[in-house]
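Please read the structure below before turning to the comments.
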Amino acid sequence: KFLNPGHAIAVFEGFYGLAGIAEPLVYAIGIAQVLLVLCFALGALRTWSYGLVTLMHAGSTFSSWQQYLNPFEGANLLFFAAWPMLAACIALFLLRDYDQLLSMEQKRR
């Protein structure tokens, strides 16, 4: 999103059906995603950061549904890697209270 905003705009149009996204909005989305991923990686605001990462990844996984219909044409087979990652995000969200290793937050009781 930062190095090639034109590609991000094409992805928003092609996969999400959002035409006419301006570059400043792409940069703002990129900044928000960087902050979200930092919170996720640091274990901060676990309910929100884990939940939003899960929703964000689910959105990108499900928006690629057409790629799953022709798995052996082009690089579509790579899209299948999103499913185990989505399962891991869901599991991490459901088990977020037990995720304490290197976390910024203390365990809730």
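Return yes or no: is Val34 closer than 13 Å to Leu92 by Cβ and either β-branched (Val, Ile, Thr) or at pLDDT 95 or above (or both)? So Val34 does not fit the description; no.
Output the residues belonging to region 61-78 that are part of a helix (DSSP H, G or I) and of a type outside the set (A, V, I, L, M). Show your work before the answer.
From region 61-78, those part of a helix (DSSP H, G or I) are 61-63, 65-69, 76-78; that's our starting set.
Hits for region 61-78 are Thr61, Phe62, Ser63, Trp65, Gln66, Gln67, Tyr68, Asn76.
Summed over region 14-31, residues that are at pLDDT 95 or above and loosely packed, with under 15 Cβ neighbours inside 10 Å total 6. What single numbered condition from (1) at pLDDT below 80; (2) out of contact with any helix residue (DSSP H, G or I) (no Cβ under 7 Å at 6 or more places or on another chain) fails to hold for Arg108? That leaves (2) as the condition not met. In region 67-94, the residues that are surrounded by 10 or more Cβ atoms within 10 Å (Cβ to Cβ) form Cβ pairs under 6 Å with partners that are not in a helix (DSSP H, G or I), at six or more places apart or across chains, as follows: Asn76/Asn70; Leu77/Pro71; Phe79/Ser64. Within region 13-27, the set of residues being free of Cβ contacts under 8 Å to residues at least 12 places away in the same chain, in contact with a helix residue (DSSP H, G or I) (Cβ under 8 Å, 6 or more places away or on another chain) and closer than 22 Å to Ala58 by Cβ comprises Leu18 only. Any idea which of Ala58, Ala44 is within 30 Å of Asp99 (Cβ to Cβ) and outside any helix (DSSP H, G or I)? On inspection, the qualifying residue turns out to be Ala44.
The values are calculated or read from the model by the stated rules, or taken from the named source; none is laboratory data. In this text the structure is predicted, and so the values were computed from the model without any measurement. Glycine gets a Cβ as well: all are built from the backbone with ideal geometry, and neighbour counts include every protein chain shown.
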